[in-house]
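The values are calculated or read from the model by the stated rules, or taken from the named source; none is laboratory data. Quick caveat: nothing in here was measured; it's all calculated off a predicted structure. Note: ideal-geometry Cβ built from the backbone for every residue, glycine included; neighbour counts use all protein chains shown.
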Amino acid sequence: MPPTDAPPGSPDLADLPVADDGVAAPVGRSGPARYEQVLTGVFVVAPFLALGALIARGGGIPWFAIGLTLVCIVVLGHAITIGFHRGFTHRAFVAKRPLKIVLAVLGTLAFQGSVIGWVADHRRHHRFSDRPGDPHSPYWKGDRPLGRGGLWHAHAGWMFSVAPTSREKYAADLLADRDLVRIDRLFVPLAVATFLVPAALGLAWGGWAGALTALLCAGFVRIGITLNGTWAVNSVCHRYGSRPFPTRDHSTNFAPLALITMGEAWHNNHHAFPRSARHGLLPGQLDTSARLIRWMERLGWVTDVHWPDHRAARPPSETVET
């Protein structure tokens, strides 16, 4: 269905700290550098090769490796959803400095890009959601409408072809934060650490065989799970699902992804209320990220949390399937 106007009184995307000149504002080149495309291709494929290697070696996957993988998925995944997304991008809350630093470091270890680059891309997505200029819409690539290939473009293809986003335009507030600038510059060593730490723990647990298993499972396979979860929000949650709230784009809620994305798959809710710390707005909508933010608020670790009242926007009974 075509996107509709946002409901009266819904939060304006101008709340984002972005210069409002109506231009998508990539940086000066037309697309990613060749080495960036090669590295992207490697890490799109590598998790599947790692899973194949784990299966081919036989004997099953040790419980230590499975447990370590699950811990990494939960901890680093929530650092993305709570820190990179709801905190740094949308300013749904203000984190005390120690928590801010921890979220930025753990989110970087999730291997989804540097903190400032991640925020700039996502703010650009919201500014031009499902319109020309959106870096990862399944409906547009630049100013060219997409057909059947749009789902792949929104999922991962955009990283091979879309020009990088201007940090100065889309993340000037983060560039003024010395803590986040330092952590942003540490992306490469932290990206290396996200593989070395599981390998070191595996070595301590089971020697070199344990190190290799932990590297493949808690390193590569874990990254594949969390990356594809985030990418699915960009692709699936703009093509399939329900739309309880009218928005200016095609964003949808897609319940099967809610658990693995820690509540991010309630994407139509999020686009209707982008500064909300809670995406699972309606009854029964699991949102572990919002629950953790609530606990952090009670502990005094975060302040100025946005819990908007969504009930006046549109009755849940008017949900539209797409």
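Scoring Gly113 on the criteria (1) part of a helix (DSSP H, G or I); (2) in contact (Cβ under 8 Å) with a residue 40 or more places away in the chain; (3) not charged (D, E, K, R) leaves a single failure, condition (1).
Kindly indicate the residue of segment 27-60 that is surrounded by 12 or more Cβ atoms within 10 Å (Cβ to Cβ) and either touching a Pro at 6+ places or on another chain (Cβ under 6 Å) or hydroxyl-bearing (Ser, Thr, Tyr) (or both) and also modelled with the highest pLDDT among those meeting that condition. The selected residue is Thr40.
If we scan segment 62-76, do we find a residue that is assigned to a loop (DSSP other than H, G, I, E, B) and over 18 Å from the mean Cα position of the chain (by Cα)? The answer is yes, given that some residue of segment 62-76 is assigned to a loop (DSSP other than H, G, I, E, B) and over 18 Å from the mean Cα position of the chain (by Cα).
Quick grid of which residues meet (1) free of Cβ contacts under 8 Å to residues at least 12 places away in the same chain; (2) more than 21 Å from Val38 (Cα to Cα):
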residue	(1), (2)
Arg148	yes, yes
Ser161	no, no
Glu168	yes, yes
Leu175	no, yes
Asp179	no, yes
Thr194	no, no
Leu203	yes, yes
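Looking only at segment 61-70, filter to residues that are out of contact with any Leu (no Cβ under 9 Å at 6 or more places or on another chain) and in contact (Cβ under 8 Å) with a residue 40 or more places away in the chain; which one of those is surrounded by the fewest Cβ atoms within 10 Å (Cβ to Cβ)? The qualifying residue surrounded by the fewest Cβ atoms within 10 Å (Cβ to Cβ) is Ile66. Screening segment 155-230 for helices (runs of 4 or more DSSP H) wholly inside it with 2 or more residues that are over 22 Å from the mean Cα position of the chain (by Cα) and farther than 20 Å from Thr40 by Cβ returns the ranges 187-214. Could you tell me whether Asn234 is buried (at least 22 other Cβ atoms within 10 Å of the Cβ) and in contact with a Phe, Trp or Tyr (Cβ under 7 Å, 6 or more places away or on another chain)? No; evaluated as a whole, the condition is false for this residue. When segment 139-186 is filtered for residues that are surrounded by 15 or more Cβ atoms within 10 Å (Cβ to Cβ) and of a type in the set (Ser, Thr, Tyr), the ones remaining, listed by number, are Tyr139, Thr165, Ser166, Tyr170.
Every condition in (1) free of Cβ contacts under 8 Å to residues at least 24 places away in the same chain; (2) in a loop (DSSP other than H, G, I, E, B) is met by Pro135 except one, and the failing one is (1). For the condition in contact (Cβ under 8 Å) with a residue 60 or more places away in the chain, farther than 22 Å from Ala154 by Cα and not small (Gly, Ala, Ser), Ile55 does not qualify. Within segment 248-256, is even one residue more than 28 Å from Arg167 (Cα to Cα) and crowded, with 20+ Cβ neighbours inside 10 Å? Yes, segment 248-256 contains at least one residue that is more than 28 Å from Arg167 (Cα to Cα) and crowded, with 20+ Cβ neighbours inside 10 Å. For segment 85-104, the set of residues classified as under 20 Å from Thr261 (Cα atoms) and crowded, with 20+ Cβ neighbours inside 10 Å consists of His85, Arg86, Gly87, Phe88, Thr89, His90, Ala92, Phe93, Leu103, Ala104, listed by residue number.
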